[in-house]
1. Across the stretch 84-114, what is the total count of residues that are surrounded by 18 or more Cβ atoms within 10 Å (Cβ to Cβ) and assigned to a helix (DSSP H, G or I)?
2. Only one of Gly68, Gly52 is in contact (Cβ under 8 Å) with a residue 60 or more places away in the chain, of a type in the set (Gly, Ala, Ser) and in contact with a Lys or Arg (Cβ under 8 Å, 6 or more places away or on another chain); which?
3. Give the residue, chosen from Val140, Val156, that is under 23 Å from Leu11 (Cβ atoms) and either touching a Phe, Trp or Tyr at 6+ places or on another chain (Cβ under 8 Å) or modelled with pLDDT of 95 or more (or both).
4. Quick check on my filter: what residues within the stretch 97-126 are touching a His at 6+ places or on another chain (Cβ under 7 Å) and farther than 14 Å from Arg45 by Cβ?
5. Looking at Ala168, is it surrounded by fewer than 19 Cβ atoms within 10 Å (Cβ to Cβ) and either free of Cβ contacts under 8 Å to residues at least 40 places away in the same chain or in a helix (DSSP H, G or I) (or both)?
6. Only one residue in Leu57, Leu33 is surrounded by 12 or more Cβ atoms within 10 Å (Cβ to Cβ), in a helix (DSSP H, G or I), among the hydrophobic types (A, V, I, L, M, F, W, C) and modelled with pLDDT of 85 or more, so which one is that?
Amino acid sequence: MRALLLALALLGPVERLDWTVAHAVQAARRPALEAPMHALSSWARPVVVAAGLAVVLGVDVVAGGGWGTVRSAVAAVAATNLLVEAGKRATDRVRPDGEHKRSNASFPSSHAANAFALAWVLTARWRRLGWALFPLAAAVAYSRMYLNRHFLSDVVVGAAVGMACAWAAARWLPPGRPAERVREEAGAA
């Protein structure tokens with residue numbers, strides 16, 4: 001009961017912050033940024049994510065890593081989307097642009113969740129790419145606010161859900177070892 005009361009007490013300040021940030025972001029919109037923001041937003045769509053995973057699989061198989069990274073990514077994205085969809089249906093939050101559909105509610109942002117989940121998984125596999133992947137995920141999340149589809153709290157919680165699911169997927173489904181190492185270890189035993 002105390003947790004519920006605390007959560008309710010925090011909703012007012014969070015909502016005020018969300019609207020303050022939303023108004024500031026909308027006031028900063030510029031014609032030159034419209035196309036890049038739409039492009040960034042499209043990178044977290046399911047078809048683009050699936051194509052990206054196919055590329056990762058190809059690169060990982062050629063490098064001898066097998067299916068481990070794709071397995072972790074699919075598990076992370078599946079868990080992320082289950083939690084995000086449950087959150088959307090539970091909160092039924094109206095989007096900043098006024099759209100109100102329970103199946104496509106504002107909270108939390110699935111774009112931010114998927115972008116951060118994939119950034120986490122891919123950085124775990126290719127550490128040197130983290131400097132580019134997390135800022136790209138942040139740019140995808142910002143694009144959702146820029147396009148007036150999400151509030152700040154939507155993208156922050158979405159990012160946290162995505163990273164938590166990616167962490168859990170990596171913990172419970174660690175990427176496989178390269179095939180050559182598995183054969184070497186089996187031969188040495």
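1. Applying the first criterion (surrounded by 18 or more Cβ atoms within 10 Å (Cβ to Cβ)) to the stretch 84-114 yields 84, 87-88, 93, 95-96, 105-114.
Filter once more, keeping what is assigned to a helix (DSSP H, G or I): 84, 87-88, 110-114.
Here the count works out to 8.
2. Numbers: Gly52 fails: in contact with a Lys or Arg (Cβ under 8 Å, 6 or more places away or on another chain).
Step by step, each of Gly68, Gly52 is checked, and only Gly68 is in contact (Cβ under 8 Å) with a residue 60 or more places away in the chain, of a type in the set (Gly, Ala, Ser) and in contact with a Lys or Arg (Cβ under 8 Å, 6 or more places away or on another chain).
3. Going through Val140, Val156 in turn, the sole match is Val156.
4. Of the residues in the stretch 97-126, the ones touching a His at 6+ places or on another chain (Cβ under 7 Å) are 106, 109.
Once the filter is applied, which keeps residues that are touching a His at 6+ places or on another chain (Cβ under 7 Å) and farther than 14 Å from Arg45 by Cβ, the stretch 97-126 yields only Ser106.
5. Numbers: surrounded by fewer than 19 Cβ atoms within 10 Å (Cβ to Cβ): yes; either free of Cβ contacts under 8 Å to residues at least 40 places away in the same chain or in a helix (DSSP H, G or I) (or both): yes.
When the stated conditions are applied, Ala168 passes them.
6. On the way: Leu57 fails: modelled with pLDDT of 85 or more.
None of the others qualify; the one that does is Leu33.
The values are calculated or read from the model by the stated rules, or taken from the named source; none is laboratory data. It should be emphasised that the depicted structure is a prediction, and the values quoted were computed from it without experimental measurement. Cβ coordinates were reconstructed from backbone atoms using ideal geometry, including for glycine residues, and neighbour counts include every protein chain displayed.
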